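Colleague: Please read through the structure below; I'll follow up with questions.
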Amino acid sequence: MPLVEVDQLSHQYPGKLALANVCFNIERGSFHALLGPNGAGKSTLFALISRLFRVQQGDIRVNGHSLKQAPAALLGEIGMVFQQSTLDMDLSVQQNLDYHACLHGMAGKLRKQRIEAELQRVEMLDARNQKVRALNGGHRRRVEIARALVHQPSLLLLDEATVGLDPQTRASLNQHVRSLCDQQGVTVLWSTHLIEEIQPQDPVTLLHQGQVRANACAAEICRQNAVESLVEAFTLLTSPAQKQAAQPSESGINA
Amino acid sequence: MKLSGYVTAFNGILKREALRFVHQRSRFFSSMVRPLLWLAVFAAGFRAALGISIIEPYSTYITYEVYIAPGLIAMILLFNAMQSSLSMVYDREMGSMRILLMSPLPRWYLLLSKLAASTIVAIPQVYAFLAIAWLFEVEPPAPGFLWVLPAVILAGVMLGAIGLFISSFIRQLENFAGVMNFVIFPMFFMSSALYPLWKMQESSEWLYWLCSVNPFTFGVELIRFALYGKFNGEALAVVSGCLLLFTVLAVLVFNPERGQIGKKPSKPG
């Protein structure tokens, strides 16, 4: 049974359809990429999963908890790193994590243990008393990842988490999150528009204009579109000719 | 989640509000300067011009400084509440509100906790003001310092709920300052904070009517009576009713999408 099931999800802004019948699954322990150009609907999808937006149509289930029927249980299953930093700049690293842990109702002793463990995991334990304002962009992202994992969620969501970082830091962050999947079994949904962040074996959901245009592993998408690289497949699937494309089946693409 | 989880979450919100307040020392001083200016300068000027007769809860003639002190306490709460609402609009735009809203606790509880926490943070300001006001011969009975506490909390949370309700309609931070000019000043001036309502009635009947329906008036009177060890049932009922009404309305209309809707079509991901 997949960890995440996105089922017939649609969302409309005034005058614009942001998501149209989006369906895909995420397997446990996988690094799943949500690929799409700006305006594809990735952030909207994240806002829906995290209950920041109300679901208008369809449903999302994480670890069996439905967003419609058990939203509180679902929120306990997810940790999120937003596109824009949501850390409090005037508070220390530890205080930021402590606030988050409190919001998840974690008791004092457990809170302390979990914060230390997560800061250790992202190699930021020495910086726990530093104010966030004093950290560089890459370290802030690490702190956000640690915060997202403090309450031990089964799914880590990262919404274009590498935006604004230099290439070296971006690669390092990507590598770090992959190690969380490989070594610690964390399931990751990694949203990006940067194709170089995706590896051939990664499961990919390609979103364009609110529709799923491809849903398979990166190498499979290339094979099915008879192209050499994911860049070519991305260009092909997000070209104007694809505008009227219909929703694909779960396993494949509709190029 | 268990009850202890709710308590932990509230403690976390309160701790964050307190830490933010400590880090913004200028906020404390500006919150003190404003009412003290009114007390030291404005009240001194009006003292001669405006005589106050014996009115409840006072049992003797009082100076103008004594009269406006409860109104200035309410002013501290009003500015604090509006600043808290402003920070909610800011947090919503900047994204840190998302961390609060992603808690598995009910949204109404989170918002109410934030309101209560920001009011609790204002309490030291109120007592610091009362301590300085003592130098201006504002000398309520000693138990009044204790009795005023629940009144301050109740009035503060009510004003916070009104601020939150208003901020729910603000899409962008820039619009908020303008709205505040239409909220803070009319609310303060059209109340019993600066002059008793009977004086207002003498000069303008419709203004008197407006002051009589202003929730801020009842907040001021609740604090005034409590400070002098008296109970004002009408003020308590109105403040409690408004607290409930505006909290329910604020939770109902609160929509985190509001700050995002304007952005999404042009810059979504």
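Colleague: Looking at A:Asp88, is it at the interface with chain B (Cβ under 9 Å from one of its Cβ atoms), buried (at least 19 other Cβ atoms within 10 Å of the Cβ) and without any contact (Cβ under 8 Å) to a residue 40 or more places away in the chain?
Modeller: So A:Asp88 does not fit the description; no.
Colleague: Checking A:Thr44 against (1) out of contact with any His (no Cβ under 6 Å at 6 or more places or on another chain); (2) at pLDDT 90 or above: exactly one of these is not met. Which one?
Modeller: (1)
Colleague: Is the range A:120-137 home to any residue that is surrounded by fewer than 22 Cβ atoms within 10 Å (Cβ to Cβ), closer than 26 Å to A:Ala47 by Cα, in contact with a His (Cβ under 6 Å, 6 or more places away or on another chain) and touching a residue at least 40 places away in the same chain (Cβ under 8 Å)?
Modeller: So far as the range A:120-137 goes, no, none of its residues is surrounded by fewer than 22 Cβ atoms within 10 Å (Cβ to Cβ), closer than 26 Å to A:Ala47 by Cα, in contact with a His (Cβ under 6 Å, 6 or more places away or on another chain) and touching a residue at least 40 places away in the same chain (Cβ under 8 Å).
Colleague: Is it the case that B:Leu39 is of a type outside the set (Ser, Thr, Tyr), in contact with a Lys or Arg (Cβ under 8 Å, 6 or more places away or on another chain), crowded, with 18+ Cβ neighbours inside 10 Å and modelled with pLDDT under 90? Don't jump to the end; show me each part of the working.
Modeller: Working: of a type outside the set (Ser, Thr, Tyr): yes; in contact with a Lys or Arg (Cβ under 8 Å, 6 or more places away or on another chain): no; crowded, with 18+ Cβ neighbours inside 10 Å: yes; modelled with pLDDT under 90: yes.
No.
Colleague: Applying the selection to the range A:39-69, what residues are more than 8 Å from chain B (Cβ to nearest Cβ) and crowded, with 21+ Cβ neighbours inside 10 Å?
Modeller: Let us first name the residues in the range A:39-69 that are more than 8 Å from chain B (Cβ to nearest Cβ), namely A:45-46, A:48-49, A:55-69.
Residues satisfying the conditions are A:Leu45, A:Phe46, A:Leu48, A:Ile49, A:Ile60, A:Arg61, A:Val62, A:Leu67.
Colleague: Turning to a different aspect of this structure: Can you tell me which of (1) in a helix (DSSP H, G or I); (2) more than 13 Å from the chain's Cα centre (by Cα); (3) modelled with pLDDT of 90 or more; (4) more than 22 Å from A:Asn38 (Cβ to Cβ) is the one A:Ala233 doesn't meet?
Modeller: That leaves (4) as the condition not met.
Colleague: While we're here: Just wondering, is there one or more residues in the range A:145-158 that are over 15 Å from the mean Cα position of the chain (by Cα), more than 11 Å from chain B (Cβ to nearest Cβ) and touching a residue at least 40 places away in the same chain (Cβ under 8 Å)? Don't jump to the end; show me each part of the working.
Modeller: Looking only at the range A:145-158, we keep the residues that are over 15 Å from the mean Cα position of the chain (by Cα), and these are A:150-152.
Within this subset, residues satisfying the condition of being more than 11 Å from chain B (Cβ to nearest Cβ) are A:150, A:152.
Next cut, touching a residue at least 40 places away in the same chain (Cβ under 8 Å) only: A:150.
Looking through the range A:145-158, at least one residue is over 15 Å from the mean Cα position of the chain (by Cα), more than 11 Å from chain B (Cβ to nearest Cβ) and touching a residue at least 40 places away in the same chain (Cβ under 8 Å).
Colleague: I've got another one for you. Checking the condition in contact with a helix residue (DSSP H, G or I) (Cβ under 6 Å, 6 or more places away or on another chain) and either touching a residue at least 60 places away in the same chain (Cβ under 8 Å) or surrounded by fewer than 19 Cβ atoms within 10 Å (Cβ to Cβ) (or both), which residue from A:Val204, A:Val163, A:Val177 passes? Outline the logic, then answer.
Modeller: On the way: A:Val163 fails: in contact with a helix residue (DSSP H, G or I) (Cβ under 6 Å, 6 or more places away or on another chain); A:Val177 fails: in contact with a helix residue (DSSP H, G or I) (Cβ under 6 Å, 6 or more places away or on another chain).
That would be A:Val204, the only listed residue that is in contact with a helix residue (DSSP H, G or I) (Cβ under 6 Å, 6 or more places away or on another chain) and either touching a residue at least 60 places away in the same chain (Cβ under 8 Å) or surrounded by fewer than 19 Cβ atoms within 10 Å (Cβ to Cβ) (or both).
Colleague: Can you tell me which residues in the range A:132-174 are aliphatic (A, V, I, L, M), closer than 18 Å to A:Ser191 by Cβ, touching a strand residue (DSSP E or B) at 6+ places or on another chain (Cβ under 8 Å) and not in a helix (DSSP H, G or I)? Before the answer, list the steps.
Modeller: From the range A:132-174, those aliphatic (A, V, I, L, M) are A:132, A:134-135, A:143, A:145-146, A:148-150, A:155-158, A:161, A:163, A:165, A:171, A:173; that's our starting set.
The next check asks that each one be closer than 18 Å to A:Ser191 by Cβ; those that pass are A:145, A:148-149, A:155-158, A:161, A:163, A:165, A:171, A:173.
Adding the requirement that they be touching a strand residue (DSSP E or B) at 6+ places or on another chain (Cβ under 8 Å) leaves A:145, A:148-149, A:155-158, A:161.
A:Leu155, A:Leu156, A:Leu157, A:Leu158, A:Ala161, listed by residue number.
Colleague: Select the helices (runs of 4 or more DSSP H) contained entirely in the range B:1-113, then report the ones holding at least 2 residues which are away from chain A (no Cβ under 11 Å). Please lay out each step first, then the result.
Modeller: Working: elements: B:3-23, B:25-37, B:43-49, B:64-94, B:96-101.
Per the criteria, B:25-37, B:43-49, B:64-94.
Colleague: So, in the range A:8-38, of the ones that are within 12 Å of chain B (Cβ to nearest Cβ), in contact with a Lys or Arg (Cβ under 8 Å, 6 or more places away or on another chain) and in contact (Cβ under 8 Å) with a residue 60 or more places away in the chain, which residue ends up surrounded by the fewest Cβ atoms within 10 Å (Cβ to Cβ)?
Modeller: Filtering the range A:8-38 down to residues within 12 Å of chain B (Cβ to nearest Cβ) leaves A:11-19, A:34-38.
Going one step further and asking which of them are in contact with a Lys or Arg (Cβ under 8 Å, 6 or more places away or on another chain), we end up with A:13, A:16, A:18, A:34, A:36, A:38.
Checking the rest, the ones that are also in contact (Cβ under 8 Å) with a residue 60 or more places away in the chain come to A:18, A:34, A:36, A:38.
On the way: A:Ala18: 25, A:Leu34: 27, A:Gly36: 28, A:Asn38: 12.
Step by step, filter the range A:8-38, then rank; the result is A:Asn38.
Colleague: A further question follows. Would you mind finding the one in B:Leu194, B:Leu222 that is among the aliphatic types (A, V, I, L, M) and in a helix (DSSP H, G or I)?
Modeller: Numbers: B:Leu194 fails: in a helix (DSSP H, G or I).
Exactly one residue qualifies, and that residue is B:Leu222.
Colleague: Go through the range A:95-135 residue by residue and tally those that are within 13 Å of chain B (Cβ to nearest Cβ), on the phi < 0 side of the Ramachandran plot and small (Gly, Ala, Ser).
Modeller: Residues flagged as within 13 Å of chain B (Cβ to nearest Cβ), on the phi < 0 side of the Ramachandran plot and small (Gly, Ala, Ser) within the range A:95-135 amount to 3.
Colleague: Go through (1) part of a strand (DSSP E or B); (2) modelled with pLDDT of 95 or more; (3) touching a helix residue (DSSP H, G or I) at 6+ places or on another chain (Cβ under 9 Å) one by one and return the number of the condition A:Met80 breaks.
Modeller: For A:Met80, the failing item is (2).
The values are calculated or read from the model by the stated rules, or taken from the named source; none is laboratory data. Everything numeric here is computed off the predicted structure, so don't read it as measured data. Here Cβ is always computed from backbone atoms with ideal geometry, including for glycine, and neighbour counts include all displayed protein chains.
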